[in-house]
Structures are given as structure tokens and as C-alpha cells.
Amino acid sequence: MSIKLYNTMSRTQEEFKSIEDGKVSMYCCGPTVYNYAHIGNLRTYIFEDLLHRTLEHAGYKVDHVMNITDVGHLTGDGDDGEDKISKRAKETGKSVWDIARFYTDAFFRDEEHLNITRPGTVCKATDHIQDMIELIKKLEANGHTYVSGGNVYFSIDTIDDYGKLARLSLDDLKEGARIEVDSNKRNPKDFVLWFTNSKFKDQAMVWPSPWGVGYPGWHIECSAMSSRYLGDHFDIHCGGIDAIPVHHTNEIAQSEAASGKKPWVNYWCHGEFLLNDKGKMSKSTGEFLTLSVLEGKGYNALDYRYFCLSGHYRSQLKFSFEALDHAKSARESLVKRVAELKKSEAAAPGEKASSYRDQFFAAMENDLMAPQALAVLWSMLKDKEVSDGEKLSVLLEMDEILGLRLDEVKAADEGGSDIPDEIRALAEERTAAKKAKDFARADAIRAELKDKGYLIKDTPQGPVLERV
Ligand code: AMP
Ligand code: ZN
């Protein structure tokens, strides 16, 4: 097993060595569930899934933990603004708990459609308040905190390497002073561990604590939950690059100050942004696309997964419908090829097929070079010296990482096709409605299918779906 990963901490590509033989402990910052995830957020989770699958394919058992931020994430990273979930609750007239539940479910629906492996541990911030309080108590006992204006702050001047991940210079640290608004802070880069005297008098989610009734800061959540499940030294921590200067910087400060052990995490891996015409896709600008919008336009979620595979995770990726159309037609022709290949029995790869196989996995193990890996896949498909059976067995193994559900494709002579599950389910619901003589419902489903780009035809052999 030789896996290379780019480590943001060292700014170099490093040979991956796990702390424990054969096991990887990995923590990924999860979604803040106040709105739908946009396809930029989902790009980050696809990258983390590729990493998970690559490690697993290489023989590691992956202990993957992801949190759900359902409290404490403010609209501004510098402890300014409002709690995102409370704000949304006020806007919609729903309770904070309903908002969090609804968008958590929507997030997992998206992950399911994208065939993202569910992390072994998914933990909600609101279920771990006590862990956070214990961690803050430890920081307090170690002399890293102060209370000001009713809030508990982490004092960055009590450690000597604050900002090492982002390589913040003294100038960067001073920069904060000019924009900082919280006069309770001794140093503008200090950050809140626990809010009591909040500017949000009507905050719905509050808990008792030694410092008064209140709620946690965002950064302490990840430090507390990761150490709860992975201990105070683990292998990999992931997220999007926007987490580097504040969120991950503060996580490191707290976790290392609490345990006294360094480094807390061995490899920091960050995914680059998905861009739209105006730059980074972001929820705050209101201009973002969700997976359901793509699906509503007739794309399969896996078209988007394929689109993400066509760019390296550390490069920015520009989204356009034209590029998504390319990904869609590439994925569909791959599915068609697999349906053809499935007419043959899978066969053990000979020398040539094995060499494609090895090149593919070498590319993925070289800091997840998915575009190169896809190029190897297509070269193998074109190669006449590799038999269909060999191609099939190698492709299915490649798909353990690609996650394009090639194993579910039916052989062409068994009517293999590429109809999304959601569309099939609708067609089945229509058949059931017809059987129950609910013709209004059956017609409504036919219209819905048409909107989604599918025609349903009743034939003597039963209903058949076709793309419009
Ligand atoms: P959030 O739900 O806002 O906490 O974000 C979830 C994840 O998406 C974080 O790891 C972010 O760094 C990441 N992220 C946010 N915007 C983008 C984007 N435009 N492209 C890729 N990842 C993003
Ligand atoms: Zn985090």
C-alpha cells in the first residue's frame, strides 16, 4: 500500500502512514443544516468519499466520522452575525429542530443519490453538548480561556503556534483587528467557545453550563466530537479550503491546547471550490444549484458525480450545464458499454488488463488523480487486446472507487438501460395506481415523468420508459 496525499499542513505531497496498522481514522466536517446543500458543498463530500473508497480499496479499515452542525454556526466566521439555523427558523416560522431535521434528511437523500458512502459515525452537535462543555472545562483548567461580556473565549496568545495550518503571518493577525467588532476579545483572533451573553436573546437552542445557560461556538463542536470518536490523535481531517483560515485553525488551537499533544491530526486534506459564473458557489449569495434542481432537469445524480471526477479535487472546478452535458453523455456511454460487456462472463485480468488496472489504482493512490484514472479506464475500453470479460472485471473493481453503480447495470440482452431509480419508482407507482383504478394519479405521474424527460408507453409486455 503506497498512498500519497497532499497535506495542507506541510504544503507538500506526503506518503500516507496510518497511526495504527491497517486502520485509518478520518474526520470530515459535515453540513450546517439550515438549507439544502448546494452542488459545491456536495463536491467536497464526493472528494471525501473518493478518499474513503481509495483507502478502503488499498486495504485499510476506515473509521470515518462526520458531524452534523445543527447549532452554533454563525453567519460570520469571526463570531459575528446570527446562528444560521435560528435565522432560518425565524424566516420560515418553523422550529429550529424542524429546520435541522428537514435539511439533514435532504442532505442524506443527496448523498444517497450520489452514492456517497455513509460515514460509519454521523454525529449531531446537539447530541454532544456535554462533550463540548467537558472540553471547555479542560481548556479552562489549562489556562487557555477567559470570560468576557458573559461569553467564554479561547485566548490565542496562550499558545505559540496559532495559525500554523493557514500560515497566518503577524500581519494577517493584525488584519483581524481592523474588521473585528467584538470588544470583549482581548485579541481580535480570539474566538468564542461558549455563548451565554448572546446578542441573540431569543436563541431557541440553549443548555445549562458552568458559565451559564447558552450554546457552543462552532469550532468546539468538531474538536469535541472528533476526540470523542477518534481520540486526541488521529490520521486525517478533511473539509473544504474555506475552513483553513478560521475553522480548522481554531479546531487545532483548541484540540492541541486541551490534550497537550501535537500534532493532533497527521494529514489535513482540503477540497477546492466549485465555481459558477460569479466565482465560488455559495449559499450566502443565494445563487446556488442543488442536486434536486439538476435531477429535475433530467440529469442523473451520478452525472454530477462523474462531472466531479473529471476534475482533480485540489483544482477549482467551473460548473456549467454544457460541462455537465459532457459528463452525462460520457457516463451514459460508459453504462452502455458495461451493459454490452455484461453479456460476457467476468474474466480474471491477464497481463494487459492488469496493467490498466494497476495504472488506474496508482493514479487514485497518487493524491486521488481521478481525471487520470478515468483516462486509463477509457484507454482500456478501447483496447482490442483486452477481452470483454477482462474489461468487465477490471471496470467493476475500478467502480469500487468511482462509485458509478456499474455493478447495478443490467446486461444489454436483459434490457439493461440507464433509467434513474427515482424514475423507475415513479413508473411503478403509476402501474400500481392504474391497477387500483386511480387514473387521475396515473395521469399525474405520466405528466410528472414527462416533465422529468421520460415518456411511458404501455405495450403488451408492460409499460416501457423512454427518454423524451
Ligand atoms: P457548510 O454546510 O456551509 O458548513 O459547508 C459544507 C462543506 O462544503 C464545507 O466543507 C465547505 O468547505 C464546503 N464548501 C462550501 N462552498 C463550497 C464550494 N463552492 N465548493 C466546494 N466546497 C464548498
Ligand atoms: Zn469542523
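Once the 1.4 Å probe is applied to the protein heavy atoms, the chain comes out at 44 Å² accessible per residue.
Eigenvalues of the alpha-carbon gyration tensor of region 244-301, scaled by 5 and square-rooted, set the equivalent ellipsoid semi-axes at 36, 14, 10 angstrom, largest first.
The chain gives an Rg/Rh value of 1.02, both radii derived from C-alpha positions and Rh following Kirkwood.
A cut-off of 5 Å between modelled amide H atoms, ignoring neighbours fewer than 5 places along the same chain, links ASN197 with ASN151.
Along its three principal directions, the equivalent ellipsoid of region 178-335 from the Cα gyration tensor extends over semi-axes of 38, 21, 16 Å, largest first.
Each other residue within a Cβ distance under 10 Å of ILE220 adds +1 if Lys or Arg and -1 if Asp or Glu, for a net charge of -3. Once you reduce region 36-66 and region 84-158 to the center of their Cα atoms, the two points are 20 Å from each other.
This model, with +1 at the C-beta of Lys and Arg and -1 at the C-beta of Asp and Glu, gives region 251-359 a dipole about its Cα centre of some 100 debye. A cut-off of 5 Å between modelled amide H atoms, ignoring neighbours fewer than 5 places along the same chain, links ASN366 with LYS4. Reducing region 188-267 and region 6-22 to their Cα centroids gives an inter-centroid distance of 23 Å. Over all other residues within a Cβ to Cβ distance under 13 Å of LYS437, the charged ones net out to +2, with Lys and Arg as +1 and Asp and Glu as -1. Between amide H atoms placed 1.01 Å from N, distances below 5 Å from HIS73 occur with LYS84, ILE85, all of them 5 or more places distant or on a separate chain. For the cross-link pairs LYS280/LYS452; LYS4/LYS138; LYS435/LYS457, the ones whose C-alpha atoms lie over 24 Å apart are LYS280/LYS452; LYS4/LYS138. When the solvent-accessible area of region 88-129 is split by element, carbon and sulfur atoms take up 48 percent of it, the probe being 1.4 Å. Here the Karplus relation 6.51 cos²θ - 1.76 cosθ + 1.60, evaluated at θ = phi - 60°, turns the backbone of region 136-146 into coupling constants of 5, 4, 5, 5, 5, 5, 7, x, 9, 10, 8 Hz, with x for every Gly and Pro.
Considering only the chain, what is the antiparallel percent among its DSSP beta bridges, to the nearest 5?
Around 50 percent of the beta bridges assigned by DSSP in the chain are antiparallel ones.
Dividing the convex hull volume of the alpha carbon atoms of region 41-134 by its residue count gives 129 Å³ per residue. Sites count as exposed loop sites when they are GluC sites (Glu not before Pro), lie in a DSSP loop, and have at most 15 other Cβ atoms within 10 angstrom; the longest stretch of the chain without one is 1-286. Computed from backbone phi with θ = phi - 60° and the Karplus coefficients 6.51, -1.76 and 1.60, the 3J(HN,Hα) list for region 91-99 is 4, 9, x, 9, 7, 4, 5, 5, 4 Hz; x is used for glycine and proline.
The values are calculated or read from the model by the stated rules, or taken from the named source; none is laboratory data. Predicted model only: the values in this text are computed from it and were never measured. Using ideal geometry, Cβ is built from the backbone for each residue, glycine included, and neighbour counts are taken over all protein chains shown. Only protein heavy atoms, including side chains, enter the accessible area calculation; ligands, DNA and RNA are left aside. Shrake-Rupley method; radii C 1.70, N 1.55, O 1.52, S 1.80 Å.
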